[in-house]
Amino acid sequence: MIGRRLRVVREAVLNGREFLADWVRYVRHSTPTEGSVRADDAACHLETQIAKDSHRVEKALAMREPRGGFGAGPADRLTALLPEEGPDEPAWVVHGREALAAREGFNTTGERDPVLTVPLEPWPGLDPAVLDGFFASRYSLRHFDAEKAVTRADIERATALAQRTPSVCNRQAARVHAFLGRADVDRILALHQGSAGFGHDIPAVVVLTVDTRLMAGAGERNQQWIDGGLFAMSFSWALHGLGIGNIMLNWSRTNAATRALRTAADIPEHEDVLMLVGLGHPAPGARRTRSPRRAPAEVLRFH
């Protein structure tokens, strides 16, 4: 009994230490709360606030009936934070200027900017058999064809498709670190727990991360995991759509293990590690786990 209590106390201390390290990292890298960002802040913090307010203008213009005179708060912040016009401006600065102009145009003429708010084309949906087949055919792959390569173009295409994933105020904070060479893949997977027995056959691996600098304030302290999780699943579905097998390799590790991965994969301190993804093509005779699914009635509840 005493031994068990000591283990529980030790686990609580370890958990506290990890939570403290997470808090320190978030405070160090995240953007200040709204209204606290200043024009001389770091570019990543300016980008976060400008992206938030630009998207607020876009959302207002996409509503059924935008309110006349809308967006005074976002407009004031954009005016205060946007730098003087210059050559080769980053996209987020251009978007901020466009949002200001679109707001002014609507509040003056009542016309919506056709670039910021594009008429939505109805999507007819996929054939039910195709849709069911696509979702039912994706399984985690653990038997890779080590001789069939994954190309840079494959990963670039999957990344481009996954970038359609929704993200908080369209900040698109997910990042993809890709490794293709055998030596590099082995070096990264050596730090992972759970891929022993099949990792040596994985032709390519990516480390998915989220840029914490694009999160703001206490209210978004967990948003990187939500945005990152959405992107990760989109990335997996995109690979599946391209005919490339994959397996999500969880990163349930301590900060010490994550620091080792940062060093090995050249991941900056301001990016939170989500997971690894092994990708490749199924080997002849590859098998999958049964992986039974709960019935919808166990998951779905109408209120």
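The values are calculated or read from the model by the stated rules, or taken from the named source; none is laboratory data. Keep in mind the model is a prediction, meaning the values are calculated, not measured. Cβ: placed from backbone, ideal geometry, glycine included. Neighbour counts: every protein chain shown. Ligands, DNA and RNA are excluded from the accessible area calculation, which covers all protein heavy atoms including side chains. Shrake-Rupley method; radii C 1.70, N 1.55, O 1.52, S 1.80 Å.
Values for this structure:
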read-out: Pairs, first surrounded by 23 or more Cβ atoms within 10 Å (Cβ to Cβ) in the stretch 265-279, second part of a loop (DSSP other than H, G, I, E, B), C-beta under 7 Å, six or more apart; value: 276/192; 276/251; 278/195; 278/202; 279/150; 279/244
read-out: Residue among 239, 261, 279 that alone is more than 16 Å from the chain's Cα centre (by Cα) and part of a helix (DSSP H, G or I); value: 261
read-out: Checklist (1) within 25 Å of residue 152 (Cα to Cα); (2) in contact with a helix residue (DSSP H, G or I) (Cβ under 6 Å, 6 or more places away or on another chain); (3) buried (at least 22 other Cβ atoms within 10 Å of the Cβ) applied to residue 211, failing item; value: (2)
read-out: Helices (runs of 4 or more DSSP H) enclosed by the stretch 104-205 - at least 2 residues per element that are more than 27 Å from residue 54 (Cβ to Cβ) and of a type in the set (Asp, Glu); value: 182-189
read-out: Residue identified as in contact with a strand residue (DSSP E or B) (Cβ under 8 Å, 6 or more places away or on another chain), open to solvent by less than 50 Å² (accessible area, probe 1.4 Å) and in contact (Cβ under 8 Å) with a residue 24 or more places away in the chain among 178, 162; value: 162
read-out: Filter result for residue 290 (open to solvent by 70 Å² or more (accessible area, probe 1.4 Å) and at pLDDT below 95); value: yes
read-out: Tally of residues being among the aromatic types (Phe, Trp, Tyr) and either modelled with pLDDT under 95 or open to solvent by less than 10 Å² (accessible area, probe 1.4 Å) (or both) across the stretch 227-264; value: 1
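Conditions tested, residue by residue: (1) over 20 Å from residue 203 (Cβ atoms); (2) aliphatic (A, V, I, L, M).
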site	(1), (2)
249	no, yes
254	yes, no
268	yes, no
275	no, yes
279	no, yes
282	no, no
285	no, no
301	yes, no
